[in-house]
Amino acid sequence: MKTIKILGFTLIMLTLFAITLHAKSLKGVTLPDTVIIESKPCKLIGMGVRKKFFFKIYVGGLYMEHPAHKPERVIADLGIKRVVMHFLYKEVSPEKLQEAWTEGFKDNLGTKFDSLKEKIDQFNAFFTEPARKGDEIWVTYLPGKGTQVVVKGKEKGTIPGIDFMKAVFSIWFGELPADSHLKWGMLGEE
């Protein structure tokens, strides 16, 4: 009986050690190297910090079914991909979240903004409560379905269309990203 307990404890410790080996940390936020999305393994490409002035707002992590490190390839890729936003700041209001999303769309879409306005409004409507320290938002592209938003573990909805997916991922990986250090960190380049 004592041997079984020791073996069980050893197995648990080895499992925890293996999990630790297969995770990355940044600013106290740990993300696993691989997550399963729709039965497909998606690799963590990188992590970065979104800053606004001197404030650290969130740690972002990029997962992809087909790993890529070039921004244009991330945006164009039609496989499963996810950006995880793990909030560091004490509280970001829904109005500030919606304002930041809209600004990101405008900065990266140019004349295409108006044609996607209805979908952008639908997307912004998913953010109705504050994001507080420790909360997570997941923005996931699911091929054949669209761009899914999960806030604090609750699915808010999915917006169809490759055009919208490219618009959302352009906020992080486009020519005018919300934060260039965040962009290159999530691409595994910083």
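The values are calculated or read from the model by the stated rules, or taken from the named source; none is laboratory data. Source: prediction; values computed, not measured. So basically every Cβ, Gly included, is an ideal-geometry build from the backbone, and we count neighbours across all protein chains shown.
Some points to look at:
- Residue match in the stretch 112-126 (condition: under 14 Å from the mean Cα position of the chain (by Cα) and crowded, with 18+ Cβ neighbours inside 10 Å): no
- The helices (runs of 4 or more DSSP H) found entirely in the stretch 109-190 include none that carry 3 or more residues being in contact with a Lys or Arg (Cβ under 9 Å, 6 or more places away or on another chain), modelled with pLDDT under 95 and more than 18 Å from LYS27 (Cβ to Cβ).
- Cβ pairs under 9 Å, 6+ apart, first in the stretch 85-111 and over 17 Å from GLN122 (Cα atoms) and touching a residue at least 60 places away in the same chain (Cβ under 8 Å), second aromatic (Phe, Trp, Tyr) and surrounded by fewer than 19 Cβ atoms within 10 Å (Cβ to Cβ): LEU88/PHE55
- The set of residues in the stretch 123-137 being closer than 19 Å to THR158 by Cα and either in contact with a Gly (Cβ under 9 Å, 6 or more places away or on another chain) or charged (D, E, K, R) (or both) consists of PHE123, ALA125, PHE126, GLU129, GLU136.
- Qualifying residue in the stretch 169-177 (condition: among the aliphatic types (A, V, I, L, M), under 28 Å from PHE54 (Cα atoms) and in contact (Cβ under 8 Å) with a residue 12 or more places away in the chain): yes
- Matching residues, the stretch 30-58, being buried (at least 19 other Cβ atoms within 10 Å of the Cβ) and charged (D, E, K, R): ARG50
- Among residues of the stretch 143-162, those that are in contact (Cβ under 8 Å) with a residue 40 or more places away in the chain and either in contact with a Ser or Thr (Cβ under 7 Å, 6 or more places away or on another chain) or exposed (fewer than 15 other Cβ atoms within 10 Å of the Cβ) (or both), counted: 3
- Flag if GLU189 is in contact with a Gly (Cβ under 8 Å, 6 or more places away or on another chain), in contact (Cβ under 8 Å) with a residue 60 or more places away in the chain and of a type in the set (D, E, K, R): yes
- Complete set of residues in the stretch 29-47 that are outside any strand (DSSP E or B) and in contact (Cβ under 8 Å) with a residue 40 or more places away in the chain: GLU38
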